Amino acid sequence: MYYFYVALFYLLLPLLLVFRYFKGLKWQGFNARYNEVLGFYKKKHAQNVIWVHAASLGEVEAAHVLIEYLRKNYPYKVLVTTGTEPGYDRVRALQGDQVEHVYLPYDMPGAVERFIKHFQPKIAIIMETEIWPSLFAKCKQHEVPLFIVNARLTEKSSKGYLKLKGFLAKVFVGVSGVAVQTEVDERRYQEIGVLAEKITVSGNIKLDMPIAEVLRVNMAQVKQELFPNRQVFVVGSTHAGEDEIFLRAYRRLKSKFPEILLVLVPRQPKRTPEIKQLCARNKLNVLERTEHKPCDVVTDVYLVDTLGELKQMYALADFSFVAGSMVPVGGHNIFEPILLGVPVMFGPHMKNVELQAKQLLEARGAIQCVNEADIIRSVTLMIEDPQEKARLINNAQAFVAKNNGAVERTITLIDPFLRANKATHLPD
């Protein structure tokens with residue numbers, strides 16, 4: 001099965017390179033570094049690195065607090081690999097030049113072999129759900145301890161992987177440990193072939209994400225400058241089929257609350273023209289983020305047509321909705337607005353964080369909306385009943401305080417494999 005997988009990858013390589021080229025046309029420097037996906041490098045890099053792979057922007061955000069700890073507490077350079085240019089841009093925004101960065105090589109033995117020989121990683125840390133057979137095999141061959149951390153498996157992914165359980169059981173032989181988010185993920189990883197003794201339930205690293213104090217201090221002033229005298233409803237990470245739901249809900253809310261402003265943050269900014277057309281059909285005035293102007297009294301929708309600014313938008317919100325959940329995408333990070341002290345709503349499709357969403361609802365720390373009427377009802381409640389809004393925020397933050405600590409548990413798992421002459425300690 002492994003040799004079939006490798007042969008298929010090599011056969012598809014020309015198509016992959018063509019796909020990468022066209023994908024890279026929308027990004028400034030992606031194609032200029034195509035050599036990296038084949039394991040070739042134009043310059044020397046640090047060796048004996050701690051290697052962290054975070055596929056894209058969301059994983060980079062989640063990995064930030066872990067990368068910071070590793071960088072400050074171990075005598076090795078940290079290498080971060082991503083699969084997209086937005087992921088790379090976020091690495092640079094968060095870490096600057098304090099970490100190395102290259103794109104993850106394609107999962108072919110030759111490319112991975114060159115990558116490992118070039119960087120000689122002390123340890124490999126894979127964020128969330130990335131399973132690459134050749135990469136895992138090469139790490140085992142070169143005795144590189146490999147961990148999957150903040151790991152999760154949706155029900156749909158689990159069913160797909162179960163069909164390959166025999167193959168995956170052999171792939172997972174070289175994995176040193178898996179730090180999963182929940183007990184549900186623990187069971188699913190066991191079902192697809194990971195030995196129980198290799199699995200640790202660590203919780204979700206996103207609950208440990210730091211919120212910069214400057215963001216807290218400045219947000220009231222920035223809000224008044226950008227959204228003067230408005231009740232700000234931020235909807236984050238929308239997908240096709242969702243924007244129209246919120247636009248309809250907004251029109252009905254505005255008839256009752258004229259000061260309300262809808263901030264739409266699409267998951268993919270390339271959908272901006274499509275969303276503007278929807279706004280025009282609904283006779284709503286749009287201001288785009290890239291116009292760099294404050295809203296005025298006639299602005300209905302503030303459309304964030306940029307990447308990497310969702311956290312800043314949540315910081316300016318009076319209430320928030322985490323999208324990707326009104327359509328069957330599976331939801332996104334529901335904890336980011338909570339950490340910023342903003343009440344959170346989400347839809348019925350939450351398979352990506354199903355257990356934590358359920359627990360948060362049981363703690364009365366969020367509101368789940370099934371349809372447009374629920375959205376209108378929930379926003380109305382928070383505007384008209386400030387005490388209920390405050391209770392929602394307090395319950396959510398108490399839930400986070402009770403369930404954080406995933407980074408510490410992850411470090412406890414990997415620390416024995418990273419010990420050097422320098423003593424390390426866990427943060428207080």
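List of remarks:
- Assuming charge only on the beta carbon of Lys and Arg (+1) and of Asp and Glu (-1), the dipole of the chain about its Cα centre is about 900 debye to the nearest 20.
- Structural size metrics of the chain, computed from C-alpha coordinates, are Rg and Dmax of 22.4, 66 Å.
- The Rg/Rh ratio of the range 203-298, with Rg taken over Cα atoms and Rh as the Kirkwood radius over Cα pairs, comes to 1.00.
- Size of charge dipole - the range 312-393 - debye, nearest 20, with Cβ of Lys, Arg +1 and Asp, Glu -1, no other charges: 180
- Dipole of the range 290-338 computed with +1 at Lys/Arg Cβ and -1 at Asp/Glu Cβ about the Cα centre; of GLN312, VAL297, PRO337, farthest Cα towards the positive end is PRO337.
- Computed over all pairs of different Cα atoms, the Kirkwood value for the hydrodynamic radius of the range 108-175 is 12.7 Å.
- Distance violations [Cα-Cα > 20 Å] among LYS256/LYS389; LYS223/LYS276; LYS140/LYS170; LYS26/LYS223: LYS223/LYS276; LYS26/LYS223
- Candidates TYR314, TYR41, TYR103: whichever shows maximal mean-square fluctuation once the chain is modelled as a Gaussian network with Cα springs under 10 Å: TYR41
- For the range 80-225, size of Cβ-based charge dipole, Lys and Arg +1, Asp and Glu -1, in debye: 440
- Centroid-to-centroid separation of the range 286-309 and the range 260-275 [C-alpha atoms, Å]: 9
- Nearest-10 value in Å² for the accessible area of THR290, using the 1.4 Å probe: 70
- Applying a threshold of 21 Å to the alpha-carbon distances of LYS138/LYS198; LYS254/LYS311; LYS206/LYS311 flags LYS254/LYS311 as lying beyond it.
- If you model the range 339-428 as an ellipsoid using its alpha carbon gyration tensor, with each semi-axis the square root of five times an eigenvalue, the axes come out at 37, 15, 9 Å, biggest first.
- Solvent accessible area, Å² - TRP132, 1.4 Å probe, full protein context: 80
- The chain - percent of accessible surface contributed by carbon and sulfur, probe 1.4 Å: 55
- The spacing between the range 83-158 and the range 337-357, judged by their C-alpha centroids, is 27 Å.
- The alpha carbon convex hull volume per residue for the range 280-365 rounds to 123 Å³.
- Computed over the chain with a Gaussian network model linking Cα atoms closer than 10 Å, the most mobile of PRO210, PRO86, PRO416 is PRO416.
- Solvent-accessible surface (1.4 angstrom probe) belonging to PHE167, in square angstrom, nearest 10: 40
- With semi-axes defined as the square roots of five times the eigenvalues of the C-alpha gyration tensor, the equivalent ellipsoid of the range 278-428 measures 34, 21, 15 Å, largest first.
- For ARG267, ARG71, the ranking by accessible surface with the largest value first comes to ARG267, ARG71, using a 1.4 Å probe.
- When the Cα positions of ASN31, ASN229, MET127 are compared along the charge dipole of the chain, ASN31 comes out farthest toward the positive end, with charges on each C-beta of Lys, Arg, Asp and Glu.
- Fraction of C-alpha pairs exceeding 25 angstrom in the range 126-270: 53 percent, rounded to a whole number.
- Ranked by solvent-accessible area (1.4 Å probe, protein heavy atoms only, all chains present), the residues GLU291, GLU384 order from largest to smallest as GLU384, GLU291.
- Projected over every direction and averaged, the convex hull enclosing the alpha-carbon atoms of the range 1-70 yields 7.1 nm².
- One way to sum up the overall shape of the range 12-139 is the equivalent ellipsoid from its Cα gyration tensor, whose semi-axes run 22, 17, 13 Å, largest first.
- The range 288-362 - accessible surface per residue (Å², probe 1.4 Å): 33
The values are calculated or read from the model by the stated rules, or taken from the named source; none is laboratory data. Fair warning: this is a prediction, and the values are worked out from it, not measured in the lab. Heads up, the Cβs are rebuilt from the backbone with ideal geometry, glycines too, and the neighbour counts pull from every protein chain shown. Please note that ligands, DNA and RNA were not included when accessible areas were found on the heavy atoms of the full protein model with its side chains. Shrake-Rupley method; radii C 1.70, N 1.55, O 1.52, S 1.80 Å.
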